[in-house]
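Data first, discussion second: the structure below is written as structure tokens.
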Amino acid sequence: MSANSSRAGQLLLQASACISWKQDVEGAVYHLANCLLLLGFMGGSGVYGCFYFFGFLSAGYLCCVLWGWFSACGLDIVLWSFLLAVVCLLQLAHLVYRLREDTLAEEFDLLYKTLCLPLQVPLQTYKEIVHCCEKQVLTLATEQTYAVEGETPINRLSLLLSGRVRVSQDGQFLHYIFPYQFMDSPEWESLQPSEEGVFQVTLTAETSCSYISWPRKSLHLLLTKERYISCLFSALLGYDISEKLYTLNDKLFAKFGLRFDIRLPSLYHVLGPTAADAGPESEKGDEEACEPAASPPQATPTSLQQTPPCSPPPAATNFPAPPSRARLSRPDSGILASRIPLQSYSPVISRGQAPLAPTHTPEL
């Protein structure tokens, strides 16, 4: 080990060394070149960092070319510095070409900043989503129909960029669709990729609208291939559908002056048939409830046979026990709309069972 170290020391001592250091400095161009190279190597990452990096390197190597030509008078210094400067300039030209090629239209750029940038979606991923819709912006004139109830097939997914769209069913207004909301998110989520269906609502443009549209098959293929994009669309569609549901809830609040929760099954009793329609059935239920008390059995004593006939109870607290399958129905929408106190209406016994979903939506 000591022999090897001694040999290395001898080689270093026998190597040619500077006999005398040069007294004068190289000049201002040489020092400027090194300063530019130092600043260039301090650049960061990203597109703008690359511009900074290659820009300073190009300027530094050009200064090295001038120094080698006028001061050092070395052909090798000039050639190497010139080659490095050309490489840096070519890299800058490539960056400019890439930025010019990847420039998005104004509508898509605003959509990215509004919808995707807050979610930190990478720009390259967003470009794949835009490429799926073929970078086309479609338009709707005022009162032009986007979809007709029971006729238009569900073969695309559209996102409104500007304007306002009215959603109605059977001629009854449901809610509005505003910019940066999906126009047919419930229809998209209601079908599997292999299923087909038609719209259950009518969508009409109230103002001049612009939107983008993804074909159903192309978008399903993209979601199957890219898991991140699939999770992104799942989150956006879920949020959009929940906003539409709460819009319907606010519609009920504006109608009655009370706020109801659309998630509760008991909301059907507010939206169900009116009291006039349920009157005969309620009276029939009262008669059936009173029949056992009106016809006493034969084995009872004579004193109990003089029991007076059944009469309607004066208060809700003295109601007889309802039949096994009967349930109490809440006041209907007409009662709430008339703003009459609910305490003035006695409960009505109903034999039927309410369905899970309301069959009638009150108008604003």
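The values are calculated or read from the model by the stated rules, or taken from the named source; none is laboratory data. Here the structure is a predicted model, which is why all the values come from computation and not from measurement. Glycine also receives a Cβ, built like all others from the backbone with ideal geometry; neighbour counts cover every protein chain displayed. SASA here: full protein model, heavy atoms, side chains in, ligands and nucleic acids out. Shrake-Rupley method; radii C 1.70, N 1.55, O 1.52, S 1.80 Å.
Assuming R0 = 45 Å, what is the FRET efficiency of Glu107 and Leu32, from their Cβ-Cβ distance, to the nearest 0.05?
Values: r = 46 Å, r/R0 = 1.03.
Result of the calculation: an efficiency of 0.45.
Mind checking the per residue accessible area of region 123-256 for me, 1.4 Å probe, whole number of Å²? Write down the numbers at each step before the final one.
Details: 6870 Å² over 134 residues.
That works out to 51 Å² for each residue.
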Subject >> Using θ = phi - 60° and Karplus 6.51 cos²θ - 1.76 cosθ + 1.60, couplings along region 233-238 (whole Hz; Gly, Pro as x) >> reply: 5, 4, 5, 5, 5, x
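Could you report region 26-120's accessible area per residue, 1.4 Å probe, as an integer in Å²? Mind dumping the intermediate values first?
Numbers: 6420 Å² over 95 residues.
I get 68 Å² per residue for this part.
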Subject >> Calculated FRET value between Val25 and Leu92, using beta carbons and R₀ = 25 Å, to 0.05 >> reply: 0.20
**OP:** Calculate one ³J(HN,Hα) per residue across region 57-74 by plugging θ = phi - 60° into the Karplus curve 6.51 cos²θ - 1.76 cosθ + 1.60, and present them in order as whole Hz with x for glycine and proline.
**Re:** 5, 4, 5, x, 6, 5, 5, 5, 4, 5, 5, x, 7, 9, 9, 6, 6, x
**OP:** Kindly rank 53-61, 239-247, 156-164, 190-198 from highest to lowest mean number of other beta carbons found within 10 Å of each residue.
**Re:** 53-61, 156-164, 239-247, 190-198
Original post:
Using modelled backbone amide H atoms (1.01 Å from N, in-plane), which distant-in-sequence or interchain residues come within less than 5 Å of Thr152's amide H?
Top reply: Phe199
**OP:** Could you tell me the number of lysine pairs in region 123-256 with C-alpha atoms less than 27 Å from each other, where the two lysines are 8 or more residues apart or belong to different chains?
**Re:** 9
Subject >> Separation in nanometres of the label points that stand 7 Å from Cα toward Cβ, at Ser194 and Leu123 >> reply: 4.1
Original post:
To the nearest 20 debye, what is the magnitude of the charge dipole of region 123-256 about its Cα centre, counting +1 on the Cβ of each Lys and Arg and -1 on the Cβ of each Asp and Glu?
Top reply: 360
**OP:** Using only C-alpha positions, report the orientation-averaged shadow area of the convex hull of region 26-120, nm², one decimal.
**Re:** 7.4
